[in-house]
Amino acid sequence: MTQPDGGRGGDSLAGAEVSPPSAGPAVPSGASFQEMWRELRPIGRRPDSGGYRRFAWTGADVECRAWFKAQAEARGLAYEVDRNGNQWAWLGDPGAGDAVVTGSHLDSVPDGGAFDGPLGVVSSFAALDELRARHVTFARPLAIVNFGDEEGARFGLACVGSRLAAGQLTVEQAHRLTDGDGVTLPRAMEAAGYDPEAIGPDPERLGRIGAFVELHVEQGRALDLSGDRVGIASAIWPHGRWRFDFRGEANHAGTTRLVDRRDPMLSYAETVLAARREAQLAGAVATFGKIVVEPNGVNAIPSLVRGWLDSRAADQESLDTVVGGVERAAREYAAAHGVDLDVVRESFTPVVEFDHALRDELARILGKDSGKDTDLKVPVLGTGAGHDAGILSGSIPTAMLFVRNPTGVSHSPAEYAAEDDCVAGVTALADVLEGLACT
Ligand SMILES: [Zn+2]
């Protein structure tokens with residue numbers, strides 16, 4: 001894993017260093033979406049795969065953070081870093097309260113794509129440029145945020161910056177986070193020039209925020225299928241992992257008659273097909289992506305097949321239907337083959353519903369401003385992926401906008417959104433910010 005570089009002087013914790021807003025020109029010339037995208041593009045990019053390695057507090061991440069600070073200062077925004085290392089760029093008085101905040105994250109998964117995270121941050125600055133070009137009058141403070149360590153690629157836990165701020169990760173837990181090289185989160189933050197002793201819940205900062213809107217590339221094909229450039233998030237789907245242990249009897253693959261076998265692979269294979277069938281019926285997803293076989297010999301009937309089911313659905317009832325259906329089918333198949341079955345739920349995350357009033361307000365704004373005669377023309381869709389917006393939704397009204405991803409591929413160098421769709425996303429975000437923050 002890449003080691004952090006020495007950090008940057010002047011990029012320090014909240015209060016210690018805050019650049020005041022300047023009265024300079026509103027927009028640096030040519031600071032368009034395309035130009036920002038070009039600047040950010042090479043940072044942390046691997047020439048062999050074209051994928052990104054922008055892990056929290058490493059050199060690539062620090063470069064991304066320097067880019068964020070430069071964008072804030074070029075626009076005359078007040079720049080600050082909070083106690084958890086999240087970066088903020090303020091227009092208006094941060095202390096006034098009821099602020100409208102937008103932004104996302106700049107870190108990546110291993111060999112991640114260019115869009116997951118950066119699209120939201122770049123679009124936020126571009127939307128502000130757009131609002132200034134519209135000569136709007138702001139009635140509420142506006143801020144752009146870059147949440148630290150969203151992907152959890154380095155320390156194994158996602159959304160560390162927002163979890164810490166929202167009090168969903170304790171300081172003790174954060175101090176125990178360790179990367180693959182044995183470097184703890186505090187040491188990594190310190191090496192990047194931040195004070196790890198300052199981390200902790202930040203209710204006062206979150207209390208200043210009236211609404212948080214995160215724009216994100218869609219991590220699925222719903223918008224491609226509906227033919228829309230931009231959508232609004234309804235919820236993050238409930239999801240979980242279940243372990244299925246099928247236990248039979250190991251025996252010789254050459255000498256054991258078929259009728260004498262207790263082969264757990266057969267009931268496992270039938271269960272994989274059942275998962276596909278149940279998910280299809282419920283409009284959900286179900287995946288057996290990991291398997292352990294014992295004794296794992298080419299010429300041996302297995303004694304154990306252990307498979308992990310990952311399932312996600314739009315609501316709890318659908319998820320229960322899928323998992324219940326898969327388990328029932330698995331028990332039938334196991335009984336038919338003389339195989340024992342244990343099913344254990346290893347993890348579960350309930351549904352995250354985004355704030356209904358804010359979601360409806362976004363739909364109203366985008367319905368009206370897109371020239372359509374009725375509201376709710378912008379599709380409202382759920383997502384199976386987690387986000388900082390999901391973490392913050394427990395503390396403040398939160399909403400998300402999605403931009404079309406024509407292949408649905410994400411967390412891969414092949415992740416993509418067309419430039420026209422990105423620009424449509426910027427316009428939609430500008431419309432939303434104008435509707436929420438301007439008179
Ligand atoms: Zn993301």
Practice task
Scan PRO397, PRO350, PRO413 and give me the residue that is closer than 28 Å to SER318 by Cβ and modelled with pLDDT of 90 or more.
Solution key: PRO397
Handout entry: Tally of residues being touching a Leu at 6+ places or on another chain (Cβ under 8 Å) and part of a strand (DSSP E or B) across segment 225-242
Key = 9
Exercise for the section: Evaluate segment 339-349: report whether one residue or more is hydrophobic (A, V, I, L, M, F, W, C), assigned to a helix (DSSP H, G or I) and either outside the structural domain of ALA274 (by TED's automatic domain parsing) or over 22 Å from GLU249 (Cα atoms) (or both). Expected result: no
Fill in the blank from the handout: Subset of segment 86-118, residues assigned to a loop (DSSP other than H, G, I, E, B), in contact with a Leu (Cβ under 8 Å, 6 or more places away or on another chain) and away from the ligand (no atom under 16 Å from the Cβ), comes to GLY92
Fill in the blank from the handout: The correct count of residues that are modelled with pLDDT of 95 or more and more than 21 Å from HIS356 (Cβ to Cβ) in segment 370-394 is 0
Handout entry: Single unsatisfied condition, ASP61 versus (1) assigned to a helix (DSSP H, G or I); (2) more than 16 Å from the ligand (Cβ to nearest atom); (3) charged (D, E, K, R)
Key = (2)
Fill in the blank from the handout: All-but-one check, VAL322 against (1) surrounded by 15 or more Cβ atoms within 10 Å (Cβ to Cβ); (2) within 24 Å of GLY220 (Cα to Cα); (3) in the same structural domain as ASP224 (by TED's automatic domain parsing), failing number (3)
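Run down ALA188, ALA233 and say which single residue is among the aliphatic types (A, V, I, L, M), buried (at least 23 other Cβ atoms within 10 Å of the Cβ) and within 21 Å of PHE354 (Cα to Cα).
That would be ALA233, the only listed residue that is among the aliphatic types (A, V, I, L, M), buried (at least 23 other Cβ atoms within 10 Å of the Cβ) and within 21 Å of PHE354 (Cα to Cα).
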Exercise for the section: Please find, within segment 153-169, the residue that is farthest from the chain's Cα centre (by Cα) out of those that are more than 12 Å from ILE199 (Cα to Cα) and without any contact (Cβ under 8 Å) to a residue 24 or more places away in the chain. Expected result: GLY156
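The values are calculated or read from the model by the stated rules, or taken from the named source; none is laboratory data. Values in this document were obtained by computation on a predicted structure and should not be read as measured data. As a convention, Cβ positions derive from the backbone with ideal geometry for all residues, glycine included, and neighbour counts pool all protein chains shown.
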